[in-house]
1. Return the Rg/Rh value of the range A:69-157, two decimal places, where both radii are evaluated on C-alpha atoms and Rh is the Kirkwood radius.
2. Nearest 100 Å² is fine: what is the total accessible surface buried where chains C and B meet, probe 1.4 Å?
3. Would you kindly compute the Cα radius of gyration of the range C:269-323 and its largest Cα-Cα separation (Dmax), both in Å?
4. Per residue of A:42-54, what is the mean number of Cβ atoms on other protein chains within 10 angstrom of that residue's Cβ?
5. A drop of at least 30 square angstrom in accessible area, chain alone versus all protein chains together, probe 1.4 Å. Which residues of the range C:140-183 meet that?
6. Give me the dipole magnitude in Debye, nearest 20, for chain B about the Cα centre, with unit charges on the beta carbon: positive for Lys and Arg, negative for Asp and Glu.
7. Once you keep just the Cα pairs under 8 angstrom separated by 6 or more residues, what percentage relative contact order results for chain B?
8. Just the number, please: percent antiparallel of the DSSP beta bridges in the protein assembly as shown, rounded to the nearest 5.
Amino acid sequence: MQIAIKEIADLIKGKIVGDSTLTISALAKIDEAKSGELTFLYLPAYEKFFTNTKASAILVKPEFEKSRNDITYIEVNEPDKAFSSLIIHYFSPSFYLSGVDKTASIDNTAEIGADVALGKNVVVSAGCKIGNNAKIFHNTVLLENVEIGNDALIFQNVSIREGCKLGNKVIVHPGTVIGSDGFGYKQDEKGVYQKIPQIGNVIIEDDVEIGANVTIDRAAIGSTIIKKGVKIDNLVQIAHNVIIDENSVMSAQAGISGSTKIGKNCILAGQVGVVGHIEIADGTILTAQSGVSKSIKKSGFYFGSPAKELKTAKIIEAHSRNLPDYYKRITQLEEEVKRLKEKLNNNS
Amino acid sequence: MQIAIKEIADLIKGKIVGDSTLTISALAKIDEAKSGELTFLYLPAYEKFFTNTKASAILVKPEFEKSRNDITYIEVNEPDKAFSSLIIHYFSPSFYLSGVDKTASIDNTAEIGADVALGKNVVVSAGCKIGNNAKIFHNTVLLENVEIGNDALIFQNVSIREGCKLGNKVIVHPGTVIGSDGFGYKQDEKGVYQKIPQIGNVIIEDDVEIGANVTIDRAAIGSTIIKKGVKIDNLVQIAHNVIIDENSVMSAQAGISGSTKIGKNCILAGQVGVVGHIEIADGTILTAQSGVSKSIKKSGFYFGSPAKELKTAKIIEAHSRNLPDYYKRITQLEEEVKRLKEKLNNNS
Amino acid sequence: MQIAIKEIADLIKGKIVGDSTLTISALAKIDEAKSGELTFLYLPAYEKFFTNTKASAILVKPEFEKSRNDITYIEVNEPDKAFSSLIIHYFSPSFYLSGVDKTASIDNTAEIGADVALGKNVVVSAGCKIGNNAKIFHNTVLLENVEIGNDALIFQNVSIREGCKLGNKVIVHPGTVIGSDGFGYKQDEKGVYQKIPQIGNVIIEDDVEIGANVTIDRAAIGSTIIKKGVKIDNLVQIAHNVIIDENSVMSAQAGISGSTKIGKNCILAGQVGVVGHIEIADGTILTAQSGVSKSIKKSGFYFGSPAKELKTAKIIEAHSRNLPDYYKRITQLEEEVKRLKEKLNNNS
């Protein structure tokens, strides 16, 4: 694959500084790029790699100091986004699955759309509906009445339980479980936990992507709902009756307890936990490992367990680090006050 | 489905206030209920939905102010538990799996009980024993000598390794792994980790329910034991040689390190972590994200990382939030003491 | 199985104190051992079981007080390591999988080494290469061009996506996902997340062991790399472009964000989280639940969220517990200073 650097510069509306006749063989990270390859520079932490990168061309911000002459620059305002556009344009992966494998099991009440691909040992149970052009990889199991939208991409070893509904262009990575029972019990008179049947389902809207080994529980009653455009990373837990509103993202190992509503455009960083029965305002950003125990009504950054506004949390953290000093100062004050009292008593 | 409200009231020993000739078509949450449906009100946070709920009938506590005339009330002391009873009575799901699928693989040394259902591609290895009326869903794999009790319900894509034993009425949700090797190594003279074979197993007693994508490691030697009636939520980690005593519950993403013993009737909230080789007293409640580094000998509520008694943790948290104020007061005290000293020196 | 205690003592270079004609039937933990069995004592917390253990023989340190006469001792400097050696010597499990099952699906462009065992419904896609003597258990799926080294042991229900490469003697436990897409998006002008194709892969070097239900994402571009001898526990998350250097270990539920580099010989305890784009020095030890937000340049113990040097964290923790006392002392100081000021004003 050889791409003219002029074609690349046109595509990302960038300005070439250097050899405009260059051709590019691949895209690579700045610390891994080889001769002939194009890279980019965006985060300051990676500038240290600029001196020695073997890349032949690099996307940089216009103000970047172009101290090397043996490399061709393309100036662009957002080098990271421009680089992503190039990956999307030239390297979008195609997944080699087509047709319905003879080992796939399809109940004869299931409705299968046009151009659907079903891998080996896929199980499509009674009443399922699969949209056009959907791909479902090997060993994935759909129980009864599951619906999958058009252009969905469901990887291998995924489990979707009865009655769950996935929209168009939904992506589900391997090992994920959708529609497992919510964690609901009532204690009997002896304190023994009795299971409350979980008779709801899970609804996943269009353009949602769900990582690997995620768990999304079915509602106790009604639906657990993941709205349009939500992105969920690996090993995330979503409990019964949770609602995650449009365009929110959840990083790996975050967990949301039952019946909580996450607003639109929220960002939950890794290992965040949110208790049940609360609401998180649109646009809230929960930084890593935060633990949220109360509703958040005002958008902004939050941190800590229990979570506080990030600014407040940082101030408290700074003061905490000074505690040994404060302790010394209190002790010294006590001594001085004692001396003052003695002196005053002597004086009077 | 139409159920007379009188039948419902009799079932939960409640008192009808309103139209006792009503019939109910479904159960629903208060904010989602439609006309003809029955809902309930228990948590104060949901009272705001009362004004506009479209439900035709509602379970409430006797003291609840019945301000709407267009809705029928059933008074009952514990509306949430009564509602659960109704779900159990009328809506317990039945799972559509029966018989042994022709793609299931059963070793001819395995013993299969009466009325066992095995889904597609299920693997039952040599020496396995499956109890009467057990259901094992598609693509689940049992390695050698696994035992499954009567009435067990094992969902799809579950992995159970050799020699593990599950009791009667055990439920295992999709993607869960039982009997993986414990995390045990010894460093050789060069500091390289050498694997210690994990030659024990996992024993899961009757009435245990295990969520989705849980991991329970086999013992290094002896058994990892989950006792009668324990309930385990999704993505929980249980390390080798852990013992969890009867009727304890563990919420999602909690993790227990090796050889630790959790007492009876404990509650571990979400994302709790417990170190290895300690004991947690019966009836201990660990609130969300707590990190327990020492044995807990006295039952009660604990919070924080490292975990403290919840009351203590709350007091410290409150003081932490006041640290900026304490800092100001210390600084002011220092100035005042300085002035006092000067004044006293001038006076004398 | 009967093993002469003299053979055992020779093997671990220990000294018998007691009956040197004894034979041993099994190894067991001190609190579970039965007559005829050999146990060991290492952690002080387990000494309480010594009085009542039914074991016939016990490995102890030379200085251990041998107060019971009805038990045979073997003195050895490191009883825990000696015990592990015995497990490895006598009890290493063999896994009962041999040959290629007729339900395994092997693309005819795949290269399969000598003495490979493939379980039921295993999928080996186009371009895959499987090394000699590798065992791959039931329902595991390898997408295109996956390479597996010699003597690899891959358990059931594992998902390995296209292009990932595993070295020799790699062990992967059930339910683990290798090569899922990294969590990478760019927001378009409307703030909607657009997927950045993840076109890299995962490289796992020799002697790596990976637990159950782990997720390791493929690189956005280039490779996510797990180097020689790394050990990864259950439910760990490793994001795209992470590099974990040789001989490091990660306990259960830890998570590493994108592009971070973990040094050699590091230990990450359970539920640790590390942000993206940072570097952790060789030999760093992160204690349980730590949250690391900045590069660590100096090896040592770290704790807390945000993580600090363990010594510092412990000092701050101790001071935090004293906050109620500090508060009292500040308040008392204020009162005393007030009184002093009044007195001084009265005096003057």
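1. Numbers: Rg = 19.1 Å, Rh = 15.0 Å.
Here the Rg-to-Rh quotient is 1.27.
2. On the way: alone 19430 and 19460 Å², together 33390 Å².
Roughly 5500 Å².
3. 11.4, 37
4. On the way: counts 0, 3, 0, 5, 2, 0, 0, 0, 0, 0, 0, 0, 0.
The per-residue average across the peptide is 1.
5. Output list: C:141, C:143, C:144, C:156, C:157, C:159, C:161, C:173, C:174, C:177, C:181, C:183.
6. Numbers: 40 positive and 41 negative charges, 231 e Å.
Approximately 1120 debye in magnitude.
7. Details: 947 pairs, mean separation 21.2, N = 348.
Rounded, it is 6 percent for chain B.
8. On the way: 30 of 228 bridges.
For the protein assembly as shown, the DSSP antiparallel bridge percentage is about 15.
The values are calculated or read from the model by the stated rules, or taken from the named source; none is laboratory data. Bear in mind the structure is a predicted one, so any value in this text is a computation, not a measurement. Quick reminder, even Gly has a Cβ in these numbers, built from the backbone with ideal geometry, and neighbours come from all protein chains shown. Please note that ligands, DNA and RNA were not included when accessible areas were found on the heavy atoms of the full protein model with its side chains. Shrake-Rupley method; radii C 1.70, N 1.55, O 1.52, S 1.80 Å.
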